[in-house]
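Read through the structure below, which is laid out as structure tokens, and then see the notes.
The values are calculated or read from the model by the stated rules, or taken from the named source; none is laboratory data. All values derive from a computational prediction rather than experimental measurement. Counting neighbours? That spans all protein chains shown, and the Cβs are built from the backbone with ideal geometry, glycine included.
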Amino acid sequence: MTTHSWTFSSFDGVNLKVHEMGDGNPIILLHGLFSNADMNWIKFGHAQKLVDADFRVIMPDLRAHGESEAPHEPE
């Protein structure tokens, strides 16, 4: 099983973090407001259950959440 995180730069230069687990068919999980991938999907085992069912789980930390940057400039 593959587990890793990576960062990419958004169109405006903000760095966003993506967490991945598993090697199967991809499924994307989006967290809710005031949360992040770890709190919604990793910490309580939801992502692992999908990995056990042969999915590749992709979980971005949306802008200003989790390990993604939170720019404070008005631009």
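Search the stretch 33-47 for residues being more than 12 Å from residue 61 (Cβ to Cβ) and in a helix (DSSP H, G or I), and hand back the single one that is nearest to the chain's Cα centre (by Cα). Give the derivation first.
Step one: of the stretch 33-47, the residues more than 12 Å from residue 61 (Cβ to Cβ) are 33-34, 43-47.
If we keep only those that are in a helix (DSSP H, G or I) as well, we get 46-47.
On the way: 46: 13, 47: 10 Å.
Residue satisfying both the conditions and the ranking: 47.
So which of 16, 30, 50 is at pLDDT 95 or above and assigned to a loop (DSSP other than H, G, I, E, B)? Quick ask: steps written out before the conclusion?
On the way: 16 fails: assigned to a loop (DSSP other than H, G, I, E, B); 50 fails: assigned to a loop (DSSP other than H, G, I, E, B).
None of the others qualify; the one that does is 30.
Checking the structure you have, find out if any residue of the stretch 12-23 is touching an Asp or Glu at 6+ places or on another chain (Cβ under 8 Å), over 28 Å from residue 73 (Cβ atoms) and not acidic (Asp, Glu).
The answer is yes; a qualifying residue exists.
Output the qualifying pairs, or none if there are none: Cβ atoms under 8 angstrom, residues six or more apart or on different chains, first residue in the stretch 35-64 and without any contact (Cβ under 8 Å) to a residue 12 or more places away in the chain, second residue surrounded by fewer than 15 Cβ atoms within 10 Å (Cβ to Cβ) and among the hydrophobic types (A, V, I, L, M, F, W, C).
Between residues of the stretch 35-64 that are without any contact (Cβ under 8 Å) to a residue 12 or more places away in the chain and residues that are surrounded by fewer than 15 Cβ atoms within 10 Å (Cβ to Cβ) and among the hydrophobic types (A, V, I, L, M, F, W, C), the close pairs are 64/70.
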